[in-house]
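Some notes on the structure that comes next.
The values are calculated or read from the model by the stated rules, or taken from the named source; none is laboratory data. This is a predicted model, so every value here is computed, not measured. Cβ atoms come from the backbone with ideal geometry, glycine included; neighbour counts cover every protein chain shown. Ligands, DNA and RNA are excluded from the accessible area calculation, which covers all protein heavy atoms including side chains. Shrake-Rupley method; radii C 1.70, N 1.55, O 1.52, S 1.80 Å.
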Amino acid sequence: MPLLSDEDKKAIRGHFNLITENVTVTLTKAPGKSETETILNELNELSTKLTLIVVESKKESAMLPSVSIGSTGRILFRGTPSGYEFSSLLTGIIDSGRTEKTLSDETMAFLNNLQEDIHIRVFVTPTCPHCPPSVVLAHRMAAYSDRVIAEAIEANEFPDLSRKYQVQGVPRTVINETYSVEGSQPESYLVEGLKKHMEKQS
Amino acid sequence: MSFKVEIGLVDSGAGQTSGSYQLVIAGGGPAALSAAIYAARYGIRHVVLESWKPGGQAALTAEIENYPGFSSIAGSDLTAAMKKQALEAGAVFRMETVEGTKEIDGRILVKTDSAEYTTEYLIIATGAAPATLGVPGEDKYYGRGVSFCATCDAPFFKNKRAVVVGGGDSAVKEALHLIHVVSELGLVHRRDKLRAEPYLAKKLVDHEKVTTYWNSHLAEVTGDDQGVTGVILDTPEGRKHIDTDGVFLYVGTIPATEPFVSLVELDRKKAVVTRNIVGTSNPRVFAAGDVTNNGFRQVVTAVSEGARCSAAVFDLLESKA
């Protein structure tokens, strides 16, 4: 039985019409059945601009399933992108297939001046309606700058990692192990906070 | 496992959105969404600045059981359906936060975190943010055991202990959501009776996992490097320490009116003072939902007020045409 209803498919097709460039989505998964693979296969049928690559990994240490949008390997979902994270996944795919500007001039200037790499981990749960904006912002930063890697991490599926980063509330954005933000925050707030933090560190 | 199709974030084209409008709707909850549906259907040239919390507070409510037409619906599903309806009607959304407003030459300037708009009319529907108590430990452990969103954070407290502080509808609804997950739940309320709907209140208080602390106040949240470990309560029997892993606070809300202070009259609780339900002290500004001093904070009243706002704007535009 398909995971997406006909009505959902119609709505998604409409949004995918915004895509003008080809988008590759890579799923890395453990051997066996995967709900993430099913949903991605269903999405793949909704746009000719999408290409889905499925890779099986037997590594026990890997964070699976893992979905990478685009060819850079810097826009990532760890865990099943279900619930509200499905919206983040759809937005990530659409963003990758468009050329429109998605960040403010201030954020782009900040990213252009980065002297070090940034690793953003956004911890989420599928039941968190306020999480997608944080994920989308992190992914847009990674799409813009090759100094940024952004991962959306489903906190329930990776309890050890959630414990390591003391996640007991979502969204929680952790940047380079040293800076974190609780809750969904506007782009300007995140960037200003990060800028100040990096100045202090240097 | 469900997959929610809600793609409003795509509309956030930061930096490309400034412009001149007949109407700006500030907010993303039911009041703003209802205003957006009506504005779009009236053909008003508008933009909705929905900020970073789509669906507002209502989206965080696990189950809404008093919205006509639905015996039970997740708050987020209800607001997502409203958003979908608004988009289908032609409403235009931007994921931007209003930072300030002022009147210039008979128009209103609305400044967001990434753009500027001028508009003939403004609807303030920015809702309210959860209030805090200002007690020691509350800030320190926010995100590490202190939460304002049971819907989002309940999974972290599976088979653990939690305390809910508050006695209104939100506190009780969220406690009833948590009760399915936690091993035990403390309910702390400053009075000897819950203010919530009696049906819900009884369901909670009678639950075997619940211990009530009446006439009690949260005095401190305690914890260690890992997060919350307990709370200290002021009770009629004196100070009491309770071991807990999580603290969920539902102690009221603060209207999100900071960007509008120079534009409209606010009451002492910072809510927009309304006249004739949705009018304000400024003839170009209307207000709807939890941001107002209208009192009854329900989705059903918020959507009604949102609709009235857009209807009022439409009438004004028509009278000038």
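Details
- When each of B:240/B:270; A:164/B:140; A:9/B:83; A:58/B:160; B:84/B:158 is checked by Cα-Cα distance, pairs over 24 Å: B:240/B:270; A:58/B:160; B:84/B:158
- Proximal aspartates and glutamates relative to residue B:203, as straight alpha-carbon distance under 19 Å, when same-chain residues fewer than 8 apart are discounted: B:63, B:65, B:169, B:174, B:184, B:192
- Across the stretch A:44-92, Cα-Cα pairs farther apart than 19 Å form 29% of the total.
- Averaging 1/r over every pair of different alpha carbons in chain A and inverting the result gives a Kirkwood radius of 17.3 Å.
- Residue A:53 versus residue B:85: modelled label distance in nm, points set 7 Å from Cα along the beta carbon direction: 4.4
- The protein assembly as shown, helix-only ellipticity at 222 nm - DSSP H runs n ≥ 4, -39,500 (n - 2.57), divided by all residues, nearest 500: -8500 deg cm²/dmol
- Folded to 0 to 90 degrees: helix A:85-96 orientation relative to chain A principal axis, Cα: 80
- Using a Förster distance of 41 Å, the FRET efficiency for residue A:5-residue B:191 (Cβ separation, nearest 0.05): 0.35
- Student exercise, the stretch A:78-120 dipole from Lys, Arg, Asp, Glu Cβ charges, in Debye to nearest 20: 200
- The fraction of accessible area contributed by carbon and sulfur in chain B is 48 percent, rounded to a whole number (1.4 Å probe; ligands and nucleic acids excluded).
- The mean number of Cβ atoms from other chains found within 10 Å of a Cβ in peptide B:148-160 is 5, as a whole number.
- Taking all pairs of distinct alpha-carbon atoms in the protein assembly as shown, Kirkwood radius in angstrom: 23.9
- Each of A:171, A:55, A:14 was placed along the dipole of the stretch A:6-201 (beta-carbon charges, centred on the mean Cα), and the one lying farthest toward the positive end is A:55.
- Using Cβ point charges alone (K and R +1, D and E -1), the dipole size of the stretch B:168-321 about the Cα centre works out to roughly 700 debye.
- Share of alpha-carbon pairs per 20 Å distance bin for chain B, given as whole %: 32, 52, 16, 0
- Positive-pole candidate from B:291, A:87, B:259, dipole of the protein assembly as shown, charges at beta carbon: B:291
- Using a probe of 1.4 Å on the protein chains alone, the accessible area found for residue A:10 is around 150 Å².
- Debye, to nearest 20: dipole size of the stretch A:6-201, +1 on Lys, Arg Cβ, -1 on Asp, Glu Cβ: 220
- Scattering profile of the stretch B:174-321 at q = 0.11, 0.13, 0.15, 0.17 Å⁻¹ [log10 I(q)/I(0), Debye over alpha-carbon scatterers]: -0.63, -0.78, -0.90, -0.99
- Contact residues in the stretch A:101-129 by the 40 Å² criterion (accessible area, 1.4 Å probe, full protein complex versus chain alone): A:101, A:127, A:129.
- Counted residue by residue at 0.36 nm each, then reduced by the alpha carbon distance between them, the extension gain from residue B:99 to residue B:72 reaches 6.2 nm.
- The stretch B:76-147: C-alpha pair distances exceeding 19 Å, %: 60
- In this calculation the C-beta distance from residue B:237 to residue B:139 is compared with R0 = 30 Å, giving a FRET efficiency of 0.60.
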